[in-house]
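The next block holds one structure in the form of structure tokens; read it before the comments.
The values are calculated or read from the model by the stated rules, or taken from the named source; none is laboratory data. These numbers come from a predicted model, not from an experiment. Backbone-built Cβ (ideal geometry, glycine too); neighbour counts: all protein chains shown.
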Amino acid sequence: MKFIKYKSVFFIFSVLFFLSCSGGTSDEGKEKQQPAEEDKTTALSLTNEQMQSVGISIGEIEQKNLNTIVKANGQLAVPPQNKADVSVLSGGIIRKITVLEGQQVRKGQVLATIENQDLIRIQQEYLTAKNNFSYVAAEYERQKQLKAAGAGTGKFYQSAAANYNSERARISAFESQLRQMGIAIGKISGGNIISQFPLLSPISGTVGQITANTGAFVQPGTSIMEVVDNSKIHCDLIVFEKDLMKVKIGQSVDFMLTNQENQQIRGTINGINKSFENESKGVIVHAVIKNTAHQNLIPGMYVTALISVGTELKPAVPVDAVIRSEGKEYIFVVTAESKPAVNFVKTEVRTGVTELGFIQINPLHQLAENVKIVTKGAFYLQSMSAGSAEE
């Protein structure tokens with residue numbers, strides 16, 4: 001009886017040991033099958049009838065004569081002659097500011113009025129010199145006539161001529177000073193002394209930031225506001241050394257306003273600097289903008305530019321063949337084609353220029369020669385792929 005009991009116990013332990021060994025073999029088999037299941041999530045298979053029903057077309061990667069582009073970043077700017085600082089020629093107190101920031105002004109328009117005590121002194125000296133000049137001129141004419149008649153001496157004539165030329169130069173200097181301050185000479189010729197002079201706009205444009213207030217004292221040469229003419233706005237792009245030889249004057253440019261919903265504007269390269277900008281190994285390239293839509297362009301706006309530098313044969317596929325997912329771009333490549341079904345696999349690519357319905361691609365992995373891809377209906381395969389991943 002004891003022998004039978006021990007035999008039963010031995011049999012139970014043997015069965016348990018066999019099951020535990022079988023369980024380990026089963027798990028190992030599952031681990032070996034797991035890669036095959038992962039491959040199924042990336043590989044897709046459709047029958048010819050399914051492809052026809054959803055409108056999937058297959059074709060080859062073509063060689064297209066597409067534009068070659070150079071990508072550059074930059075910002076909008078205006079030429080120096082279209083941006084002016086309104087400075088005070090002679091110091092004084094601002095008595096009146098006649099414009100507001102953002103206001104359109106024309107060249108010569110009064111922007112502010114400055115009161116200056118030196119202006120009174122200049123006018124006094126000018127009127128005094130002008131009154132004295134009548135006597136100096138009369139004496140000069142008298143000595144001139146005497147000399148011509150042989151009754152005068154050369155010494156008196158030379159003295160009269162020197163006084164005449166000196167006083168005339170002095171009057172011209174006073175008149176030049178008054179004109180620079182915006183004072184009309186005719187207004188003060190009758191003895192009307194003016195204590196204030198106008199500050200005039202040097203160009204036509206839009207008033208920028210006003211940096212002074214009414215009643216403030218400003219030193220000579222101080223800028224109190226700026227006027228900007230955006231009608232000649234252009235773009236300054238930074239092109240790096242590796243692309244510099246490709247860029248030439250006259251090439252067309254497509255601009256995208258970075259912070260303005262990527263609005264596009266066309267332009268043309270019209271100037272290339274001949275020195276590097278700081279130590280960045282980049283050269284400033286200037287481009288004029290064809291703002292036919294009259295968009296509100298402001299100096300300082302950042303842009304991304306695509307410069308067309310020529311045409312070149314490049315691998316390209318129809319635009320519909322490229323799908324985008326999680327910030328990456330893919331195409332579907334045919335891996336096996338037979339009567340029952342066609343197999344596809346998703347392959348990541350980098351895209352380039354888009355033109356005439358085709359887009360340039362650069363596969364991240366080498367593809368077989370004459371490989372076939374999905375040219376139409378890639379979106380349907382992407383939906384299937386996403387569904388398989390969720391399962």
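A compact table of results
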{"read-out": "In the range 97-109, the residues that are farther than 19 Å from GLN177 by Cβ and over 31 Å from the mean Cα position of the chain (by Cα)", "value": "ILE97, THR98, GLN109"}
{"read-out": "Verdict on ALA321 being touching a residue at least 24 places away in the same chain (Cβ under 8 Å), under 30 Å from LYS346 (Cα atoms), in contact with an Asp or Glu (Cβ under 7 Å, 6 or more places away or on another chain) and surrounded by 13 or more Cβ atoms within 10 Å (Cβ to Cβ)", "value": "no"}
{"read-out": "Hits in the range 156-170 (condition: of a type outside the set (Ser, Thr, Tyr) and either more than 60 Å from the chain's Cα centre (by Cα) or crowded, with 16+ Cβ neighbours inside 10 Å (or both))", "value": "PHE156, GLN158, ALA160, ALA161, ALA162, ASN163, GLU167, ARG170"}
{"read-out": "Subset of the range 180-215 (residues that are under 29 Å from PRO80 (Cα atoms), in contact (Cβ under 8 Å) with a residue 24 or more places away in the chain, of a type outside the set (Gly, Ala, Ser) and not in a strand (DSSP E or B))", "value": "GLN180, MET181, ILE183, PRO202, ILE203, ASN213, THR214"}
{"read-out": "Flag if LEU367 is surrounded by 12 or more Cβ atoms within 10 Å (Cβ to Cβ), out of contact with any Pro (no Cβ under 7 Å at 6 or more places or on another chain) and either assigned by TED's automatic domain parsing to the domain that holds VAL247 or closer than 30 Å to GLN75 by Cβ (or both)", "value": "no"}
{"read-out": "Tally of residues being buried (at least 17 other Cβ atoms within 10 Å of the Cβ) and either of a type in the set (D, E, K, R) or on the phi > 0 side of the Ramachandran plot (or both) across the range 241-253", "value": "1"}
{"read-out": "Unique match (being touching a strand residue (DSSP E or B) at 6+ places or on another chain (Cβ under 8 Å), polar (S, T, N, Q), surrounded by 15 or more Cβ atoms within 10 Å (Cβ to Cβ) and under 30 Å from LEU313 (Cα atoms)) among THR68, THR113", "value": "THR68"}
{"read-out": "Single residue of the range 105-138 satisfying the filter (more than 13 Å from ARG168 (Cβ to Cβ) and among the charged types (D, E, K, R)) that is modelled with the lowest pLDDT", "value": "ASP118"}
{"read-out": "Any hit, the range 142-155, residues being surrounded by 12 or more Cβ atoms within 10 Å (Cβ to Cβ) and either of a type in the set (Phe, Trp, Tyr) or at pLDDT 85 or above (or both)", "value": "no"}
{"read-out": "Residues satisfying the stated conditions in the range 246-300, i.e. of a type outside the set (S, T, N, Q), modelled with pLDDT of 90 or more and in a loop (DSSP other than H, G, I, E, B)", "value": "VAL247, LYS248, ILE249, GLY250"}
{"read-out": "Enumeration of residues in the range 130-148 that are under 13 Å from SER159 (Cβ atoms) and of a type outside the set (Asp, Glu)", "value": "VAL136, TYR140, ARG142, GLN143, LYS144, LEU146, LYS147"}
{"read-out": "Residue in the range 313-332 that is at pLDDT below 85, closer than 20 Å to GLY55 by Cβ and more than 35 Å from the chain's Cα centre (by Cα) present", "value": "no"}
